[in-house]
Amino acid sequence: MGPLSVFFTVWKNAPVVAFLLFLLSTISLAIFLERFFNVKKSKVLPNNWSNIKLYLLNGNYNAALIALKKDKKPLAKILANLLEMYIKGEISKVELRQILEAESSIIYYQLSRGVSFISMSVTLSTLLGLVGTVFGLIEVFGAFSLTTPEGMKMLARGIATSLNSTAAGLFVAVFSYILYWIIKERINSVYSKVLKELEDLVELLK
């Protein structure tokens, strides 16, 4: 029995559970696709990043500062403030690096936006599967009091609902976990690359 037939059985006998499982999987997939195509180094780093690094390499701090101030990205604003403080002599290179490391959590938060829902859906889908199982068991126990053919149908329907609800919940849980693992790996990879770029930037300061 494939996933589609499992979901069809749950939809037929426990439509609320089936709808919630479908909703969880759809939202998780939508978040995954949005993050997968938007979690990129170029989305985080300021525009004209190579030019900014070239300005700093040549000691043209003011040009780099102007380029950063024109950028609307959160990281660009942070770098502009730190570079301006460095130019004015308010902080040292070591202090700039320390502040930048502390502020890097903002970058990770930006990259991970919405991903926690995918992680949450793993647990929720499993619990929803158990709810469907309980509904099925209630129907099974109700069928024991009937000796008519209708009672046998209730018994079969209850057992089918119970088993298929558990299977459907596990299908969605595994699906969501795979999505979560893939996107977390992508986020961690991009985050590491961004930190490396920032470290290289700090090293350009004299």
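The values are calculated or read from the model by the stated rules, or taken from the named source; none is laboratory data. Predicted, not measured: the structure shown is a model, and the values here were computed from it. Neighbour counts are summed over all protein chains in view; Cβ atoms, including those assigned to glycine, are modelled from backbone coordinates with ideal geometry.
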Test each condition in (1) within 30 Å of ARG186 (Cβ to Cβ); (2) in contact (Cβ under 8 Å) with a residue 40 or more places away in the chain; (3) crowded, with 20+ Cβ neighbours inside 10 Å for ALA18 and report the one that comes out false. (1)
For SER28, the lone unmet condition from (1) among the polar types (S, T, N, Q); (2) in contact with a Ser or Thr (Cβ under 8 Å, 6 or more places away or on another chain); (3) over 18 Å from VAL122 (Cβ atoms) is (3)
From (1) more than 29 Å from the chain's Cα centre (by Cα); (2) farther than 30 Å from GLY132 by Cβ, pick out the condition that doesn't hold for ASN38. (1)
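Residues are listed down the side, and each one gets a yes or a no for (1) assigned to a helix (DSSP H, G or I); (2) outside the structural domain of SER165 (by TED's automatic domain parsing):
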| position | (1), (2) |
| --- | --- |
| LYS12 | yes, no |
| LEU20 | yes, no |
| LEU24 | yes, no |
| LEU29 | yes, no |
| ARG35 | yes, no |
| ASN47 | no, yes |
| GLY59 | no, yes |
| LYS69 | yes, yes |
With respect to LEU65, is the statement that it is in contact (Cβ under 8 Å) with a residue 60 or more places away in the chain, surrounded by 15 or more Cβ atoms within 10 Å (Cβ to Cβ), part of a helix (DSSP H, G or I) and outside the structural domain of THR166 (by TED's automatic domain parsing) true? no
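Table: residues versus (1) of a type in the set (S, T, N, Q); (2) more than 19 Å from LEU21 (Cβ to Cβ); (3) modelled with pLDDT under 75; (4) not in a helix (DSSP H, G or I).
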position: GLN98; (1), (2), (3), (4): yes, yes, no, no
position: TYR109; (1), (2), (3), (4): no, yes, no, no
position: GLY136; (1), (2), (3), (4): no, no, yes, no
position: PHE141; (1), (2), (3), (4): no, yes, yes, no
position: ARG157; (1), (2), (3), (4): no, no, yes, no
position: PHE171; (1), (2), (3), (4): no, no, no, no
position: VAL174; (1), (2), (3), (4): no, no, no, no
